[in-house]
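A.B. asks: Before I ask anything, let me first share the structure, which is written out below as structure tokens.
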Amino acid sequence: MAMSWLAIKARTKANPLLTWRALRFRTICSGRLGFATSESDPPDPPVAGTKFLETFKEEFEVGSQVISLETGKIARFANGAVVLGMEQTKVLSTVAAGKGDAVRDFLPLTVDYQEKQFAQGVIPNTFMRREGAPKERELLCGRIIDRPIRPLFPAGFYHEIQVIASVLSSDGKQDPDVMAANATSAALMLSDIPWGGPIGVVRIGRICGQFIVNPTMDELSLSDLNLVYACTRDKTLMIDVQAREISEKDLEAGLRLAHPEAVKYLEPQIRLAARAGKQKKEYTLSMVSKETFEKVRNMAEAPIEAVFTDPSYGKFERGEALEKITEDVKSALEEECDEQSLKVLPKVVDAVRKQVVRKKIISEGSRVDGRHLDEVRPIYCEAGYLPILHGSAIFNRGDTQVLCTVTLGAPQEAQRLDSLVGPPTKRFMLHYSFPPFSINEIGKRAGLNRREVGHGTLAEKALLAVLPPEDDFPYTVRINSEVMASDGSTSMATVCGGSMALMDAGIPLREHVAGVSVGLVTDVDPANGEIRDYRILTDILGLEDHLGDMDFKIAGTRNGVTAIQLDIKPAGIPLDIICESLESARKGRLQILDHMEREIRAPRTQADRNSPRLVTLKFGNDAIRRFIGPLGALKRKIEDETGARISVGDGTITIVAKNQAVMEKVQDKVDFTIGREIVVGGIYKGIVTSVKEYGAFVEFNGGQEGLLHISELSHEPVSRVSDVVSVGQQISLMCIGQDVRGNIKLSHKAILPQPGSEKKNIVQQSASVKKEASNVWAPLEDVSNEEQQKSTLKELPLRENEDTTAIPYASSPPAVVIRSAEECDEAEKSDGLAKTSKSSPKQMGSLKRGNKLKKGQPSDDMARSTLSSILSEPLSRAAGEKESGSEDADGETPMTPQKLKIGTKVTAKVYQLRARGLVLDLGGGIRGMYKFEPNGEKDFNVGDELHVQCSSFTNPRLDIVARSCEESHVQNVGNYSKDYEAIMTQMRYDMLLEKFAYGESGEPPDKLFVLSQCMDDLSQQECAECFAKRCSDDMEVDQGFDTLLRDVLQKAVRQTQVKEGFGTASVSKNGTKIHSMAQCWNTLDQQMCSDCLKNALNSVLDCVPSDEGRALKAGCFLRYSTYEFLNDPGDEDSNRFDAAITLFYLFSVVAIGTVAVAVGLCLGKMTYGVMNNSDSEYKRG
């Protein structure tokens, strides 16, 4: 071998290529590297064979779902592995046991449930793009698996067991937690681990009183019950409930339905284990010998019984006495050198203690602390313990003490969830903390604790049922529960303390929620394991929880149960005993609720200026962008300066401040940056930008500028403006009106006290308008409604002595239009009228947030003006005679819109002089216009009386359809009127934008519902004016046209079937014209619309021979009249169509011209080229 290597090395120096081939490598030119083949090489190795995976599968049906159990395909090395599938959701559960015999006195069972994002086809949205530490949901699902399987391991089995449940795929329809629990049961059945299963786990929901087995996630969102039930063939193992105040009777029905459904999971697991399961292995069990137990019991039983007989012992005194007994027994065993007994001494003493306590309860009905079996421990409640917080409460029950605090945040501060199923965010959070000092121990605090997460979630589910809906209360709420002392039932104490803290924070809970733990002590026949006798304990101690068989936590209101958690120690409890425990829990819960309601019965109002504040303001998106600033710089600056937290949402800004002073400071900055609606009488802070001889200009309200006249600086005479204010000075002002040029008039003296009088009223009234919204935790829409009511503007008078008696609602001043001088000029020009005015109040109105001065909503007074008549000749001076409808000193009834008809003659007064006519006052707040004739008289003065005749209406549609009243009366007229005005204010904006509005307000029996819809041929402005006009429809009638009426009405009704519920028709014959219109509400379908209009047609024919008839049904409207009240909704569309045709022709001409020019250029170029070629050939020739 050495000789051949030397030969190869020698050839390497001579010819490297030979060496390459001698080493049996292919050449580089062959396109690949590798050993070259030769004739003496062995044949190619055989192709890898196909491996066959022996799989076993069972399918069965539970509820309406087909479920499959499969093993053998994946995770084959695990002690037991099962994939459970339901539709497209699949969960893998594996179990494994530790090697060797460990010396311990407990079962080290670990259950890990994991949801990885690949199961729904998503990459994790983390920095490392990996799943991190277990989330809260994963810990809770792990507890759902752990709680029912733990009691079924044999006594003394202390080997380490690990269960890992992984979601392989999820379609989002089913919650995988119940599937993972059933898969774990099947995996344990397949393994060689001794276990007393199988178990079945099922979820029950209820929609509209009907129970649903294995509901989908969509069905759960509509369900008032979420019940998870686990059992063996004849006993209950675990119950977990979240409900919306379900009664104990209905809950018992759900439990009895769940048991047979859960049993359906058992037989498929048994069949699968018989086909693919392993032989159960013999594990060493840590058992105490009978001789050792009897020896220790004889030494410790009597002193232990003496300790538990004395009810004066507290928790720690009792513990110290038991420790002394253990030490005495230990000393005696050490003297005897009994090493075997010393090893198991703590376990045996605990068993003896358990026997003593259970025997005392079963035989005597006496508990450790001397209470009766159904007696609740003494209770102490205190709400508002920490007044500087949003809400706080202390709850004591016996020695158990919990401190709960409430913190409110903006909607954007809700917790973001990253789970496969369920909502993406959570706005209500309850965090439970169990510090070591609560049991007088030391310990480390690190990370999420499974027990703390489970207890906190139970209390969270209990309180969630009584929180107001998100639409009414969208804020984020966090409760912190700090256990101050623990002696059992800390989770139920958290429910009670959390409910009081929420009330203390002013959150409008429907009911108080209380919770109590119910225990169970049984006397079991050791021969067959059957229960011979039992006792149910109400409000168990920590020791009774440890030594008893059951910890049944039940929380709810007076109306029903909201949350349940059942944990047991034996291998199942009969369902009848559990249902019997529900009544004991209800009685104890009612006693606790009595104590809580005596402390705080209703949500508090936040009157303390030092308590935190939260308010939500509504703005336009442009205003919010201005407020945020570049990259959020302006928002962060305000937060840094004030210490408040500001969250920005879609059209909302939510401010969280430490106290009222900080809230006012932030609101001032928001108002200065964005601005708010200008209210006459409202007080604002501004900065003087310039000083003139006649006054100062002040910038305020987010960039608005107003004039502070020299006469408004002070009550005392001011000779020079600069003596009082200077440029850059911040000053408080009151808006007092607007001048004829559109400038906002401001006053400083209006907020100053009168000379010689006390300062009062003005500042207080304006402050209440400005800041009152932040005094209560009001819902978002309530805040906006309050702001809308407060921002409703009074009329800004041009003259201080102007009469304001024409305002139709004194309790709710109408919104009016604020316009600049330029807008007024444009309005004058569009109306064809001149701008010269001698005496009339201009209508002015609101400034929307963040916008410039805009035209506002039409008021009732505007509608009254719009309803005015167009007056014509004959026009003559009044000579003392009376006309119909005129008002005189004798008290004759004044003119009303209902009395004014075409042709009516009235006596009117000149109200205003215009360039092309007169504005006349007809009485009763009605205005009319008279246009000058070309050669007619034009010399009139304000106040002149004239005889005029009504010739037409500016908008004949501004009359109401009908008004019908019932004979019944409301119980509270004040609330009814307030609710009615609130609805009308709210609907006014919807009518302007959508021409349709619906509102409701109040409480039964005086709850008010209002629906309003305009006809489709009305413009938005006409619709708003029509809505603002609310009057009756009394009419005078004529006769003589009934021959055409039925035909024209039927035509209008037929058109509604092809024109989306709206139709018009007109006929003319022998000089008689009839116009008709029909419309259905948007809420009706085509068939309902047709039926409604048929009834309306029969009703409106009863109006004959009147020249005007209307029928308003529940869903439709039908009208006819002899005057043309219809608008032409097609004008705008036809104009657009004509414009489109014009543009089409224009573009066509341009396109044809372009093509012609291009063709001409091409022809010219070709011709030029031919001529050049000819010249070249000629020259060459």
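Read-outs throughout are calculated quantities, based only on the coordinates presented, and are distinct from any laboratory measurement. Everything quoted here is computed from the prediction, not taken from an experiment. Cβ placement follows ideal geometry from the backbone for every residue including glycine, while neighbour counts extend to all protein chains displayed.
A.B. asks: Fewest to most neighbouring Cβ within 10 Å: what's the order for TYR385, TYR380? Don't skip to the answer; put the middle values down first.
C.D. replies: Details: TYR385 17, TYR380 12.
By the 10 Å Cβ count, ascending, the order reads TYR380, TYR385.
A.B. asks: Please work out the Cα center distance from the range 619-690 to the range 470-494, rounded to the nearest Å.
C.D. replies: 33 Å
A.B. asks: Computed FRET efficiency, Cβ-Cβ of LEU285 and ALA446, R0 45 Å: what is it to the nearest 0.05?
C.D. replies: On the way: r = 34 Å, r/R0 = 0.75.
The value I calculate is 0.85.
A.B. asks: Please work out the FRET efficiency for the pair ALA602 and ARG271, using the Cβ-Cβ distance as r and a Förster radius of 51 Å; give the result to the nearest 0.05. Could the numbers behind the result be given before it?
C.D. replies: Working: r = 59 Å, r/R0 = 1.15.
Calculated value: 0.30.
A.B. asks: Out of the trypsin sites (Lys or Arg not before Pro) in the range 594-656, which ones are loop residues according to DSSP with at most 14 other C-beta atoms within 10 Å?
C.D. replies: Of the trypsin sites (Lys or Arg not before Pro), the ones in loops of the range 594-656 whose Cβ has at most 14 other Cβ atoms within 10 Å are ARG601, ARG609.
A.B. asks: Which trypsin sites (Lys or Arg not before Pro) in the range 122-167 sit in a loop by DSSP (not H, G, I, E or B) and have at most 14 other Cβ atoms within 10 Å of their own Cβ? Before the final figure, lay out the partial values.
C.D. replies: Numbers: sites: ARG129, ARG130, LYS135, ARG137, ARG143; in loops: ARG129, ARG130, LYS135.
Answer in residue order: ARG129, ARG130.
A.B. asks: Ok, one more. Which entries in the list LYS249/LYS461; LYS324/LYS553; LYS692/LYS749; LYS426/LYS658; LYS330/LYS553 go over 27 Å, if you measure between the two C-alpha atoms of each?
C.D. replies: On the way: LYS249/LYS461 20 Å; LYS324/LYS553 33 Å; LYS692/LYS749 18 Å; LYS426/LYS658 24 Å; LYS330/LYS553 37 Å.
Listed pairs above 27 Å: LYS324/LYS553; LYS330/LYS553.
A.B. asks: Pull out the extension gain between GLU219 and LEU417, defined as 0.36 nm times the separation in residues minus the alpha carbon to alpha carbon distance; nm, one decimal. Write out the running numbers ahead of the final one.
C.D. replies: Working: separation 198, 0.36 × 198 = 71.28 nm, distance 2.01 nm.
Result: 69.3 nm gained on full extension.
A.B. asks: I would also like to ask the following. Enter the Cα centre distance for the pair the range 203-242 and the range 702-738, rounded to the nearest angstrom.
C.D. replies: First find each Cα centre; the distance between them is then 69 Å.
A.B. asks: With Cβ to Cβ distances under 12 Å as the rule, what net charge do the other residues near THR216 carry (K, R +1; D, E -1)?
C.D. replies: Values: positive: LYS173, ARG203; negative: GLU87, ASP171, ASP175, ASP218, GLU219.
Summing Lys/Arg as +1 and Asp/Glu as -1 gives -3.
A.B. asks: Ratio of Rg to Rh for the range 290-364, alpha carbon only, Kirkwood?
C.D. replies: Working: Rg = 12.5 Å, Rh = 12.7 Å.
In the range 290-364, Rg relative to Rh is 0.98.
A.B. asks: Still on this structure, please answer the following. Using the count of nearby Cβ atoms within 10 Å as a rough guide to exposure, how do PHE316, PHE697, PHE473, PHE106 rank from fewest to most?
C.D. replies: Details: PHE316 12, PHE697 17, PHE473 22, PHE106 8.
Result, fewest neighbours first: PHE106, PHE316, PHE697, PHE473.
A.B. asks: Once you have the Cα-Cα distance between SER714 and GLU87, take 0.36 nm times their residue separation minus that, and quote the gain in nm to one decimal.
C.D. replies: On the way: separation 627, 0.36 × 627 = 225.72 nm, distance 8.01 nm.
Result for the pair: 217.7 nm of gain on full extension.
A.B. asks: Still on this model: If we count every other residue with Cβ under 11 angstrom of MET492's Cβ, Lys/Arg +1 and Asp/Glu -1, where does the sum land? Present the calculation step by step, with values, prior to reporting the outcome.
C.D. replies: Working: positive: ARG397, LYS553, ARG589; negative: ASP539, ASP551.
So the environment of MET492 carries a net charge of +1.
A.B. asks: Can you list the equivalent-ellipsoid semi-axes of the range 90-235, largest first and in whole Å, using the square root of 5 times each Cα gyration tensor eigenvalue?
C.D. replies: Square roots of five times the eigenvalues give 28, 22, 12 Å.
A.B. asks: Taking the Cβ of THR557 as the centre, find all other residues whose Cβ is under 15 Å away and add up their charges (Lys, Arg: +1; Asp, Glu: -1).
C.D. replies: Values: positive: ARG244, LYS461, ARG510, ARG558, ARG586, LYS587, ARG589, ARG601; negative: ASP224, GLU245, GLU248, ASP250, GLU511, ASP594, GLU597.
After counting each charged neighbour, the total is +1.
A.B. asks: Sticking with this structure for a sec: GluC sites (Glu not before Pro) within the range 672-754: which are DSSP loop residues with at most 15 other Cβ atoms inside 10 Å?
C.D. replies: Counting only loop positions with at most 15 other Cβ atoms within 10 Å, the GluC sites (Glu not before Pro) in the range 672-754 are GLU693.
A.B. asks: What is the count of Lys pairs in the range 1042-1124 whose alpha carbons sit under 22 Å apart, if the two are 8 or more places apart or on different chains? Could the numbers behind the result be given before it?
C.D. replies: On the way: LYS1051/LYS1059; LYS1051/LYS1069; LYS1051/LYS1073; LYS1051/LYS1094; LYS1051/LYS1113; LYS1059/LYS1094; LYS1059/LYS1113; LYS1094/LYS1113.
Step by step, the pairs that qualify in the range 1042-1124 add up to 8.
A.B. asks: Tell me, MET734, MET217, MET1077, MET492 in order of fewest to most beta-carbon neighbours within 10 Å?
C.D. replies: Details: MET734 22, MET217 15, MET1077 26, MET492 32.
By the 10 Å Cβ count, ascending, the order reads MET217, MET734, MET1077, MET492.
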